[in-house]
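Peer 1: Dropping the structure in here first, questions after.
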Amino acid sequence: MKKAVIYTRVSTEEQAKHDLSLPFQKDKCNEYAEKNGYVVMQEFEDAGKSARTANRPALLEMISYISNRKINAVIVHKSDRLSRDMADFWTMRKMFKDKEIKLLSVTENFDDNSPSSEFMMGIMSAQAQFYSANLGHEVKKGVSQKVKQGWWPNNAPLGYENFGRKHERLIRPVPETAKYIKQAFKLFSTGEFSITSLTNKLQALGMTSQKGNPISRSAVSRMLRNPIYYGEFIWNGKLHKGKHKPIIKKSLFDSVQVILNTRKVKGSRDRTHNFLLRGFVYCSCGSRLVGEIKNKKNKQYYYFGCKSRKKEKKCSKEYIRMEELENKVTELFKQIVFTNEFKDYVIKTAKDIIREIRETETAEEKLIKQRMAKIKNRMKNAEDDRLDRVINPEQFGEIYGRLTKELADTMKEFERIQSDHTDSVKMLNEILTLSENIYSTYQKAKPTYKRKYLKMFFEKIVVDRREIIDIKFNSVIEDLIKIREVRISDQWR
């Protein structure tokens, strides 16, 4: 009995879903096998895979299959289904010959190992490689021409969608996403957001990636640097004028680039908020103090000035340097002291919280570990079923793929619990440290934490002629002052 395997392939996902080439190839290969007295032991198919590489799942599976069994022939509809790369083709051909396996083509006369067949194979494999290389060259040439004409040649970036015929696809804005992108540029141009805080803001508003996931920090960073949103795009390192509809104006894009480039300068890179005190400081006239950037002799300086002075011209109070005002606010924390009784209460509460977290997480971790063990056991069962041929390749791929994703999601959940525990411990440590020495903790904190501490203690800080003249504490701190758990010195005046 002569034994054979069949290998079929189509080159694109779209062909795999809509074309008849795979069923057609299988039918013709099976007819050929029956006509020539071969019993088909196994069929292997690669849907949507390029022949320029040998790294194809079904091809690798076939090579493994024939390496461990006595097979007389590999049947293909045409030799270029096996490979369009000459080196790969002849490597496989040599392996077949070493194992005395014939390569049989339905449409080509490769029915024996004669010199004429070898010669014909050489011509066909060279022709297949030329076709592949020439196709790639023509595609690149077409892309280059499209770029020169101002058309974006690739899949649409975030905020745009492709439209038109397959080989003439253009891009146009997606209204819902374009709205978020425009808002992102406007918010960042104020200088009041870092990329991290802007990402958090956009996630809260509901902005998602093209895959539907919450927008990531790296995606926001790339977006703010991408000129495509004002009408140009970079291709092969060169800037091209695009014909697509812009989402923002170039002037807004340029403003954002100034802020991004400024924050690259040493000393400002780690400042999450260029204006740490925004929202907390007020002028004695009642208006907010707003941050401003002034350029002097190619250097940038940060100031706070009265909002009514700038917009309504009603206030004449002078500007104050940002660093000077931040230092004065830092000194306020020197005058805030928790009583020893309150410190003890904080420690006791922290212990209760950490005990509860540990108990909850231990129970959750136990359940997740049990779930992971069940998934791994199901994966082993699927492997055994495939080896015993209880399920076919398609069923195995579907089952194993689903279980792999389920296992990955469960492992992420396990990592999240551990991460939450770490974050909780860090938070408790910050609270304990803060209760021990408020001034020192605030002074050493990063800008993001300083904002939290300011919100924790202050509601309003009033400034007149570059001096703090009044403060309004947060309602919680006010209550602690009333019951004498917090003492406030008048020395800040």
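The values are calculated or read from the model by the stated rules, or taken from the named source; none is laboratory data. Values in this document were obtained by computation on a predicted structure and should not be read as measured data. Don't worry about glycine lacking a Cβ; one is built from the backbone with ideal geometry, like all the others, and counts go over all protein chains shown. Areas reflect the complete protein model, heavy atoms only, side chains present, ligands, DNA and RNA absent. Shrake-Rupley method; radii C 1.70, N 1.55, O 1.52, S 1.80 Å.
Peer 1: Kindly indicate whether any position in the range 418-425 is modelled with pLDDT of 80 or more, hydrophobic (A, V, I, L, M, F, W, C) and in a helix (DSSP H, G or I).
Peer 2: no
Peer 1: Another question about this same structure. Identify, by number, the condition in (1) open to solvent by 60 Å² or more (accessible area, probe 1.4 Å); (2) part of a helix (DSSP H, G or I); (3) at pLDDT 90 or above that M62 doesn't meet.
Peer 2: (1)
Peer 1: Within the range 391-418, track down each residue that is within 19 Å of the chain's Cα centre (by Cα) and open to solvent by less than 60 Å² (accessible area, probe 1.4 Å).
Peer 2: A408, the sole residue that qualifies.
Peer 1: Considering each residue of the range 44-53, count those that are at pLDDT 65 or above and surrounded by fewer than 18 Cβ atoms within 10 Å (Cβ to Cβ), and give that number.
Peer 2: Number of matching residues: 1.
Peer 1: Specify the residue that is nearest to Y449 (Cα to Cα); the eligible residues are those in the range 279-334 that are in a loop (DSSP other than H, G, I, E, B) and hydrophobic (A, V, I, L, M, F, W, C).
Peer 2: So the residue we want is F280.
Peer 1: Residue by residue through the range 233-250, note down the ones that are closer than 15 Å to N155 by Cα and assigned to a loop (DSSP other than H, G, I, E, B).
Peer 2: G242, H244
Peer 1: When the range 433-471 is examined, which residues are found to be assigned to a strand (DSSP E or B), farther than 25 Å from S197 by Cβ and open to solvent by 50 Å² or more (accessible area, probe 1.4 Å)?
Peer 2: E467, I469, D470
Peer 1: Look through S440, S435 and report the one residue that is modelled with pLDDT of 85 or more and not hydrophobic (A, V, I, L, M, F, W, C).
Peer 2: S440
Peer 1: In the range 472-486, which residues are part of a helix (DSSP H, G or I), open to solvent by 70 Å² or more (accessible area, probe 1.4 Å) and of a type in the set (A, V, I, L, M, F, W, C)?
Peer 2: Across the range 472-486, the qualifying residue is only V476.
Peer 1: Then there is this: Could you list all residues from the range 287-315 that are more than 12 Å from V463 (Cβ to Cβ), small (G, A, S) and open to solvent by 20 Å² or more (accessible area, probe 1.4 Å)?
Peer 2: Residue satisfying the conditions is G291 alone.
Peer 1: State which residue is modelled with the lowest pLDDT when the search covers only the range 232-284 and only residues that are hydrophobic (A, V, I, L, M, F, W, C) and under 30 Å from K472 (Cβ atoms).
Peer 2: F275
Peer 1: Next up: Based on what the data block shows, is E324 within 21 Å of I468 (Cα to Cα), of a type in the set (D, E) and in contact with a helix residue (DSSP H, G or I) (Cβ under 9 Å, 6 or more places away or on another chain)?
Peer 2: no
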